[in-house]
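The values are calculated or read from the model by the stated rules, or taken from the named source; none is laboratory data. Quick caveat, the model's predicted, so the values are computed rather than measured. So basically every Cβ, Gly included, is an ideal-geometry build from the backbone, and we count neighbours across all protein chains shown.
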């Protein structure tokens, strides 16, 4: 058999080449830690559930040392036995993890840190052993060898790994014999990757990428948990804490969902949540969705961390808020929503970048089902939300506008403009009535819920009166004041309108007559004409 050669560049492809965002190192190391915590629970080393390591639960600690430019990620899971340590960490893409059971499975994620620091160190200890195992990876040396490779001095991937990796062990004290942990250290973070040490950015990133619980202030979390339980689906959650050594700060990580948010058309809020299941033709559950039901006033503000429908597998986020952009009728569609799609099927297999799934038959079915629901149902929701706002604005406009005549020459134009505004308001009222009537006929539809909620909220807050003809089934289209003058020419009607304006405004302002008398004179003129 031929001996194939893998060049040094493959190592670069497996580190910086695979990932677009440097912060993915947190996701990669966290998912590995979560897999080991699951095994520790199965082996009885840890309790199942959320709690501190002092209480016997699994915990992942992330330390940011800004002064020394160091990141440490440590878990209290199984650790790696000393006899297995070198084989487990030294071999590439040779993982024992199983697709559909473990969160990671390719065996390359641990290399990602090499692209962002000078030295990468893995330290581990298994329970009952007195040996601490350590692997030190010289990332600076790796980059030097890869540059040589590019410039003509060829190295194989195996040669590079042998030159940059060093293994060592040390002996623990008797009091540490029962300790079990795995630790990753990134030493001397690159200057261009300082964002990895930014406490706020890292916290915000982890809040929606990491498999953590919903924050307690998100009141709909129990409804989501109950729905998942009914589906016999476990939402994997882990205790993850972020520490900042320089300022002695600590922050437990939660999904930062909230009820209130800003949009391009003012404040909006989630007042309920809706669910949707996606089954294949054989009745197998491929995925399920929850999304927040709001008034869908406009696109959610870009500074809102939770905006968009997020794709999750094993409760780890894939991609970003735009992952489903192509599934809507418009690219802006997902940005009206807050929610999560939980992929359930084992046949939805993460790609190497973990920003989507590998292409296969199940993915095609998954996309077809989601595209149909997003295109047909959710797109209608946000469009109707915009329509509701437009209707209410038209109804409010004449109520919020004062007619002021400042220019005698344009008086009739100003009057005509204001009357047109009133006519548009009446049309909007009629359209609102029709929508509410249709909502009564389809009480269980999402659109019905949207229109009735918007109307009831408006009545409750008493923003502005809505005329009674909305509630009147016999409501007719508004009549124009000049309807009975239609036999006259446009020029004649304009002259009549000008005469009426002189009576209604000039005569009243000059106190020749009062407003009531002015209206009676105008009506008499119209009746005579």
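Some observations on this one:
- For the range 288-334, a residue qualifies if it is under 8 Å from the mean Cα position of the chain (by Cα) and under 25 Å from residue 453 (Cα atoms), and the qualifying residues are 306, 307, 308, 309.
- Residue 178 meets all of the listed conditions (1) within 25 Å of residue 66 (Cα to Cα); (2) at pLDDT below 95 but one, namely (1).
- Across the range 1-49, the qualifying residues are those that are surrounded by 16 or more Cβ atoms within 10 Å (Cβ to Cβ), in contact with a strand residue (DSSP E or B) (Cβ under 8 Å, 6 or more places away or on another chain) and part of a loop (DSSP other than H, G, I, E, B), and the one among them that is modelled with the highest pLDDT is 46.
- Any chance residue 224 is within 18 Å of residue 317 (Cα to Cα), in a helix (DSSP H, G or I) and out of contact with any helix residue (DSSP H, G or I) (no Cβ under 6 Å at 6 or more places or on another chain): yes
- Residue in the range 409-429 that is surrounded by 18 or more Cβ atoms within 10 Å (Cβ to Cβ) and assigned to a strand (DSSP E or B) present: no
Matching residues to (1) modelled with pLDDT under 95; (2) not assigned by TED's automatic domain parsing to the domain that holds residue 33; (3) not in a loop (DSSP other than H, G, I, E, B):
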residue	(1), (2), (3)
86	yes, no, yes
93	yes, no, no
96	yes, no, no
115	yes, no, yes
120	no, no, yes
124	no, no, yes
142	yes, no, yes
145	yes, no, yes
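- Test: residue 340 is over 16 Å from residue 290 (Cα atoms), outside any loop (DSSP other than H, G, I, E, B) and touching a residue at least 40 places away in the same chain (Cβ under 8 Å): no
- In the range 349-367, residue farthest from residue 109 (Cα to Cα) [restricted to those that are surrounded by 13 or more Cβ atoms within 10 Å (Cβ to Cβ) and at pLDDT 95 or above]: 365
- Residues that are closer than 30 Å to residue 57 by Cα and in a helix (DSSP H, G or I) within the range 165-194 comprise 174, 175, 176, listed in sequence order.
- Strands (runs of 3 or more DSSP E) fully within the range 237-332 counting 1 or more residues that are free of Cβ contacts under 8 Å to residues at least 60 places away in the same chain and within 16 Å of residue 207 (Cβ to Cβ): 249-252, 308-313, 316-318
- Tally of residues being outside any loop (DSSP other than H, G, I, E, B) and under 12 Å from residue 26 (Cα atoms) across the range 209-219: 1
- Among (1) outside the structural domain of residue 27 (by TED's automatic domain parsing); (2) in contact with a strand residue (DSSP E or B) (Cβ under 9 Å, 6 or more places away or on another chain), the one test that residue 168 misses: (1)
- Tally of residues being buried (at least 19 other Cβ atoms within 10 Å of the Cβ) and more than 36 Å from the chain's Cα centre (by Cα) across the range 62-88: 1
- Any hit, the range 300-309, residues being under 19 Å from residue 458 (Cα atoms) and modelled with pLDDT under 95: no
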